[in-house]
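The values are calculated or read from the model by the stated rules, or taken from the named source; none is laboratory data. All of these numbers come straight from a predicted model, not from anything done at the bench. So basically every Cβ, Gly included, is an ideal-geometry build from the backbone, and we count neighbours across all protein chains shown.
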Amino acid sequence: MSLHITNGDSVGEMLKETGLLSGQILCWRDLLHDGPLLDLPFDKYAQRRAAFIFQQIRRADPQDKSFTEQSILDDFKARQACLERVAEFEQITLWFEHDLYDQLQLIEVLYRLSQYTELPPVRLICIGSHSQVEHFFGLADLTTQQLQALESEATMITDRQWSTATDLWQAMTDSSPLKLQKFLSGKIEEFPFMAAALKRFALEFPSPMRGLTHTQWLLMQAVYKPLTELPAYLSRLQVREQMAEEASVTSSQQYQSLLNGPNSFLRLFLSLQELEEAPFMGDLWVKKELDSLCAGDSPLLNSSLMDESGKGPWPLKYRLTQRGIDLIQGQGHWLDHNSYDLWRGGVHIRNDNLWYWHPDQQQFIFQPLNIDGLKLI
């Protein structure tokens, strides 16, 4: 029997639907770009991750009762139980794509597997585009037939890939980002998409210029100057229209309604996908990022409920506050009115442990503040 490991439930269900890829399917289900990644025994590591994920879900969507902290922890335990049976499988195939979400999962999967002495052959399928998909965001954009056809492109994991994945995971879980710095200066030959993904991860550290992460900055820009075209969204609407037997609203009408409407959550989510070179963030985490911009003593954004035309899980619309406008125009910094408390890998970013990523200098900068908000160094 084979084991197939992939990034989440959508692709996992597609693998089941192929019918020809026999074996067990393990969905990794973790957003490793955010929250603590710590070098701890599994039980303690899983508890920290489950607690963090549950807290973020609760804050972003208090009405969502489909998850509990225990259910998330149970998923981690089930994942670990599967790995502890790796010797029973004849072969393991990893199904991933090019974006940050998947590349970080790929590092962890290989690191976790490397802890077992008796491993079957491990193969990797990892793509960044598909000749038959114009707007490729990930494996879920493929048909089951296209997904199944990728199996012939699988390559065996090499010794260098095992070693590099271990080094990368240890760098990710370190309390300083400086170990990760050495991987950001050039290519990572063993994994063709890894260098770009890690540079995108670095951009999720605050910038010293305005104090925002790249995601926050892109969302602010999308509110300030809304995109006038969302081609990937239009393409998906057209595909759905072709598949539907009946439709009361055409794809063109839906598209124009969105573009002519306010800065709704859906519009901002789709805008972020257009602005990202390799979109990696799901709707729940985009909601979390928007919430962070609406929070604090002096918010950068305000949100309000839309009218009855609002669709989606969060029928909200957003506008910039005056402070948000000032920051967009180059005046002000996040720290003028707010503090930091976020995790990037093993780095706990706080005012007294303040790590920036300087996008122009392409390096991490340590610039902590004391209790009075003054620079320590």
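Would you mention how many residues in the range 154-166 are surrounded by 15 or more Cβ atoms within 10 Å (Cβ to Cβ) and without any contact (Cβ under 8 Å) to a residue 40 or more places away in the chain? Write out each step before concluding.
Filtering the range 154-166 down to residues surrounded by 15 or more Cβ atoms within 10 Å (Cβ to Cβ) leaves 154, 157, 161-162, 164-166.
Restricting the remaining residues to those that are without any contact (Cβ under 8 Å) to a residue 40 or more places away in the chain gives 164.
Adding up the residues that qualify gives 1.
Scan the range 207-235 and report the pairs whose first residue is over 21 Å from residue 342 (Cβ atoms) and assigned by TED's automatic domain parsing to the domain that holds residue 33 and whose second residue is modelled with pLDDT under 95 and polar (S, T, N, Q), with Cβ atoms within less than 9 Å and a gap of 6+ or a chain change.
none
State which residue pairs qualify: first residue over 16 Å from residue 75 (Cα atoms) and inside the range 37-65, second residue of a type in the set (S, T, N, Q) in any location, beta carbons under 7 Å apart, and separation of 6 or more residues or different chains.
37/173; 38/173; 39/173
With the checklist (1) under 28 Å from residue 273 (Cβ atoms); (2) touching a residue at least 40 places away in the same chain (Cβ under 8 Å); (3) surrounded by fewer than 17 Cβ atoms within 10 Å (Cβ to Cβ) in hand, flag the one item residue 181 doesn't pass.
(1)
Among the residues in the range 304-325, are any part of a helix (DSSP H, G or I) and either in the same structural domain as residue 58 (by TED's automatic domain parsing) or exposed (fewer than 14 other Cβ atoms within 10 Å of the Cβ) (or both)? Even if it seems obvious, please write down each step before you answer.
Taking the range 304-325 and keeping what is part of a helix (DSSP H, G or I), we get 322-325.
Now restrict to residues that are either in the same structural domain as residue 58 (by TED's automatic domain parsing) or exposed (fewer than 14 other Cβ atoms within 10 Å of the Cβ) (or both): 322.
Yes: one or more hits.
Applying the selection to the range 204-249, what residues are loosely packed, with under 12 Cβ neighbours inside 10 Å and either of a type in the set (Asp, Glu) or in a loop (DSSP other than H, G, I, E, B) (or both)?
225, 228, 229, 244, 245, 246, 248, 249
Tell me whether the range 133-146 contains one or more residues that are at pLDDT below 95 and part of a strand (DSSP E or B).
yes
Give 42, 52, 67 a once-over and let me know the one that is touching a Gly at 6+ places or on another chain (Cβ under 8 Å), farther than 26 Å from residue 137 by Cα and of a type in the set (Phe, Trp, Tyr).
On the way: 42 fails: touching a Gly at 6+ places or on another chain (Cβ under 8 Å); 67 fails: touching a Gly at 6+ places or on another chain (Cβ under 8 Å).
Going through 42, 52, 67 in turn, just one is touching a Gly at 6+ places or on another chain (Cβ under 8 Å), farther than 26 Å from residue 137 by Cα and of a type in the set (Phe, Trp, Tyr): 52.
Having 1 or more residues that are touching a Pro at 6+ places or on another chain (Cβ under 7 Å) and polar (S, T, N, Q) is the bar; report the strands (runs of 3 or more DSSP E) wholly within the range 1-114 that clear it.
On the way: elements: 2-6, 24-27, 91-97.
In the range 1-114, the matching strands (runs of 3 or more DSSP E) lie at 91-97.
Let me spell it out: the conditions are (1) among the hydrophobic types (A, V, I, L, M, F, W, C); (2) under 21 Å from the mean Cα position of the chain (by Cα); (3) more than 29 Å from residue 360 (Cα to Cα), and residue 168 meets all of them except one. Which number is the exception?
(3)
Among the numbered conditions (1) farther than 14 Å from residue 297 by Cβ; (2) surrounded by 16 or more Cβ atoms within 10 Å (Cβ to Cβ); (3) charged (D, E, K, R), tell me where residue 350 comes up short.
So the condition that residue 350 fails would be (2).
Taking the range 18-36, which residues are under 28 Å from residue 89 (Cα atoms), under 22 Å from the mean Cα position of the chain (by Cα) and in contact (Cβ under 8 Å) with a residue 40 or more places away in the chain? Reasoning before the result, please.
Kept after step one, since they are under 28 Å from residue 89 (Cα atoms), are these residues of the range 18-36: 18-32.
Next, only the ones that are under 22 Å from the mean Cα position of the chain (by Cα) stay: 25-32.
Across the range 18-36, the qualifying residues are 26, 28, 29, 30, 31, 32.
Just one of 64, 34, 74 is assigned by TED's automatic domain parsing to the domain that holds residue 121, touching a Lys or Arg at 6+ places or on another chain (Cβ under 9 Å) and exposed (fewer than 14 other Cβ atoms within 10 Å of the Cβ); which is it? Can you show your working first?
On the way: 34 fails: exposed (fewer than 14 other Cβ atoms within 10 Å of the Cβ); 74 fails: touching a Lys or Arg at 6+ places or on another chain (Cβ under 9 Å).
The conditions single out 64.
Under 6 Å between Cβ atoms, which residue pairs at least 6 apart in sequence (or on different chains) link something in the range 135-153 that is surrounded by fewer than 17 Cβ atoms within 10 Å (Cβ to Cβ) with a partner that is modelled with pLDDT of 95 or more and of a type outside the set (Asp, Glu)?
Filtered contacts from the range 135-153: 150/125.
Which residue is farthest from residue 337 (Cα to Cα), if the candidates are limited to the range 347-377 and must be charged (D, E, K, R) and modelled with pLDDT of 80 or more?
The initial filter retains those residues of the range 347-377 that are charged (D, E, K, R), namely 350, 352, 360, 372, 375.
Still in the running and modelled with pLDDT of 80 or more: 350, 352, 360.
On the way: 350: 14, 352: 16, 360: 25 Å.
So the residue we want is 360.
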